[in-house]
Amino acid sequence: MRILIVEDDAALGSSTARGLELEGFVVDWRQDGPTAEAALVSQRFDAIVLDLGLPGTSGEELLRNWRNAGNVTPVLVLTARGFVLDRVRVLNLGADDYLIKPFDLLELSARLRALNRRQSGQNNLSLEFGSLLLSHSEHIAVFNGTRVDLTKREHRILETFLRNRDRVLSRRQLEDALYGWGEVVESNAIEVHIHNLRRKLSRTLIQTVRGAGYRLNQDNVT
Ligand code: CA
């Protein structure tokens, strides 16, 4: 899925872009209206994440322009807490969804996927890797035909591996996938989750790559 992020806040924009990339999205991040417009002219996006408070042209104006011009790309609006009227107004203007800042990256990516499913009419409810099946909607995996209950964060880590199945993921990348922007991360959190996933599923499913991180064991595919 190709996503356009329009967010002027550099820290929030870059962390959101990085996080979504790790989720397997292809991300284009723009910091103001004119460059966002230019991106939309030159490329097709599956969804747009739109901040309302932008310098120059506001997010609301951008949304109004796009809809008036017949652009139907799904738009998820980012709004500040408490601005109920803003949210009502942007939904009326043709936004498809909204999230209140500060938001959770997990929730943003889940909602973007939901928007995409709605748009394309597909209903792909699980991810597969060999004999491993991971549900999108519940924190459940099925491994070799046996149901395994996962915590939210174990589910998240496993999903990140399944979306990056050929890549080595560093601890930092996994932390970015797991935690929202600005959240405090305990230093051994990833190791603990991986230990638990190995215990629940298979000792050899996730391999340690010395000095680099972790990756899915391709031998587990068959
Ligand atoms: Ca802003």
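The values are calculated or read from the model by the stated rules, or taken from the named source; none is laboratory data. The structure presented is a predicted model; accordingly, all values stated were derived computationally and were not measured. Positions of Cβ are generated from backbone atoms using ideal geometry, with glycine treated the same way; all protein chains shown enter the neighbour counts. What goes into the accessible areas is simple: the full protein's heavy atoms, side chains included, and nothing from ligands, DNA or RNA. Shrake-Rupley method; radii C 1.70, N 1.55, O 1.52, S 1.80 Å.
From the residues V49, L112, V84, which one has its Cα farthest along the dipole of the chain in the positive direction, the dipole being from +1 and -1 charges on Cβ of Lys/Arg and Asp/Glu about the Cα centre?
L112
Provide the solvent-accessible area of E107, counting protein heavy atoms only and rolling a 1.4 Å probe, rounded to the nearest 10 Å².
80
Quickly work out the T208-to-N92 label distance, labels modelled 7 Å from Cα along the C-beta direction, and quote it in nm with one decimal.
Calculated label separation equals 5.8 nm.
If you put +1 on each Lys and Arg Cβ and -1 on each Asp and Glu Cβ, how big is the dipole of the range 126-216 around its Cα centre, in Debye rounded to 20? Before the final figure, lay out the partial values.
Values: 15 positive and 11 negative charges, 70 e Å.
Dipole about the Cα centre, nearest 20: 340 debye.
Please calculate how many Å² of accessible area the chain carries per residue, with a 1.4 Å probe and no DNA, RNA or ligand atoms counted.
Each residue of the chain exposes 50 Å² on average to a 1.4 Å probe.
Under a plain spin-label model, where a point goes 7 Å from the Cα along Cα-to-Cβ, how far apart in nm are S126 and N196?
2.2
List the trypsin sites (Lys or Arg not before Pro) within the range 21-125 that fall in a DSSP loop (any state other than H, G, I, E or B) and whose Cβ has at most 14 other Cβ atoms within 10 Å. Walk me through the intermediate numbers first.
Working: sites: R30, R44, R64, R67, R81, R87, R89, R111, R113, R117, R118; in loops: R44, R81.
Hits after loop and neighbour filter: R44, R81.
Given the Cα-Cα distance of Q119 and R147 and 0.36 nm per residue of separation, how much length would full extension add, in nm?
On the way: separation 28, 0.36 × 28 = 10.08 nm, distance 3.07 nm.
Stretched out fully, the Q119 to R147 stretch lengthens by 7.0 nm.
With each label point set 7 Å from Cα along the Cα-Cβ vector, what nm distance links A10 and R167?
For the pair A10/R167, the computed spacing is 2.4 nm.
Report relative contact order for the range 20-130 in percent, whole number only (criteria: Cα-Cα under 8 Å, sequence separation at least 6).
23
Taking all protein chains as present, what is the carbon and sulfur share of the accessible area of the chain, in % to the nearest whole number, probe 1.4 Å?
Working: 5350 of 11040 Å².
Reported share for carbon and sulfur atoms: 48 percent.
What number results when the radius of gyration of the chain, computed over Cα atoms, is divided by 2.2 N^0.38 Å? Present the calculation step by step, with values, prior to reporting the outcome.
Numbers: Rg = 18.8 Å, N = 222, 2.2 N^0.38 = 17.1 Å.
Compared with the compact-globule rule of thumb, the chain sits at 1.10.
If I take every Cα pair under 8 Å that is 6 or more residues apart in the chain, average their sequence separation and divide by the length, what percent do I get for the relative contact order?
Working: 334 pairs, mean separation 35.0, N = 222.
For the chain, the relative contact order is 16 percent.
Using alpha-carbon pairs under 8 Å, 6+ residues apart, how would you state the relative contact order of the range 152-222 in percent?
Numbers: 63 pairs, mean separation 27.6, N = 71.
In percent, rounded to a whole number, it is 39.
For D28, what accessible area in Å² do you get when you roll a 1.4 Å probe over the heavy atoms of the protein chains, rounding to the nearest 10?
Using a 1.4 Å probe on the heavy atoms, I get roughly 20 Å².
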